[in-house]
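Since the structure comes first, as structure tokens, the remarks are kept for the end.
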Amino acid sequence: MSLPYPEPGVRLLRQDEVERFDQQMRRFKAELDAAAAVLDGEFAQMKSAARERLGRLYDPADYPPALAGLFAVEWDYPSVDPPQYLLSLNPQLYEQERRRVAGRFDEAVRLAEQAFTAEFARLVSHLTERLAAGPDGGRKVFRDTAVTNLRQFFERFRHLSVRGDAELDRLVDAAQRALSGVEPQAVRDGQALRQHVRSQLAAVQGQLDQLLVEQPRRRVLRGQVVRPGERGP
């Protein structure tokens, strides 16, 4: 539901997902509170068992007097924009902060692209390997999740993509077309379909491997500007 942001404990969340996110976090909090209450009810018995097991080594100071308040989960929605009052007080500092925030978002986009590419490559590689012939020439067994996990990735990628990488978008489209209307059981049963899907995904995998190799260089070149009349790198 969220994407990484280059600050500890901060994630990027779509505005139209805030309500769903908040509801889910409240459910998690309720589950944690309930589990803490159960633990608190067993705590005296646990300490008694420890006292009996440890004998002279038992030290009451090793245990908190109560568990209330020791378990919690909290979240909020911080603003990452530069404070508006800086614009009138110190325009130069405001511009500096604006550039810093813009740089953070560029880094967040890079982290998201990197994570999507790595996950996509792993899923495609796994399914392609499962569709290949075994050492004896027979079919390998693969679970339905090898296909369904890829389809779930397609949905999440489209939903969370911040600023599409054209090459990654193209490869996701190609893999999605290869699996369009394809059911796992049909792939198991049909040799021709199996070979066709594997051939399509193997082509995607080859280009993904190249994309993973090129990522460090593309990150270096992202901020470079080519002036009219100059040749790009």
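Quick note: the coordinates plus some simple rules give every number you see, no bench work behind them. Treat the numbers as computed from the prediction; the structure is a model and nothing was measured. For neighbour counting, all protein chains shown are included, and Cβ atoms are generated from backbone atoms with ideal geometry for every residue, glycine included.
Compute the length gained on full extension between GLN96 and PHE71: take 0.36 nm times their separation in residues and subtract their Cα-Cα distance, giving the result in nm to one decimal. Could the numbers behind the result be given before it?
Working: separation 25, 0.36 × 25 = 9.00 nm, distance 3.94 nm.
Extra length available between GLN96 and PHE71 comes to 5.1 nm.
Which of these, ALA133, ALA202, ALA112, has the largest mean-square fluctuation under a Gaussian network model of the chain (Cα springs below 10 Å)? Greatest mean-square fluctuation among the candidates belongs to ALA133.
For LEU12, nonlocal amide neighbours, meaning residues 5 or more places apart or on other chains whose placed amide H falls under 5 Å from its own, are LEU3, TYR5. Taking GLY41, GLY181, GLY206 as the candidate residues, the one with maximal mean-square fluctuation in a Gaussian network model of the chain, Cα springs under 10 Å, is GLY41.
Listing ARG56, ARG177, ARG188 from the residue with the fewest other Cβ atoms within 10 Å to the one with the most, what is the order? Don't skip to the end; give the middle numbers.
Working: ARG56 5, ARG177 11, ARG188 15.
Fewest to most other Cβ atoms nearby, the residues stand as ARG56, ARG177, ARG188.
In the elastic network of the chain, a GNM with C-alpha springs shorter than 10 Å, the most mobile of ARG158, ARG51, ARG27 is ARG51.
Site pair ALA35 and ALA186 shows an inter-label distance of 4.1 nm when each label is modelled 7 Å from Cα along Cα→Cβ.
Projected onto their three principal axes, the Cα atoms of region 15-78 cover extents of 58, 21, 14 Å, largest first.
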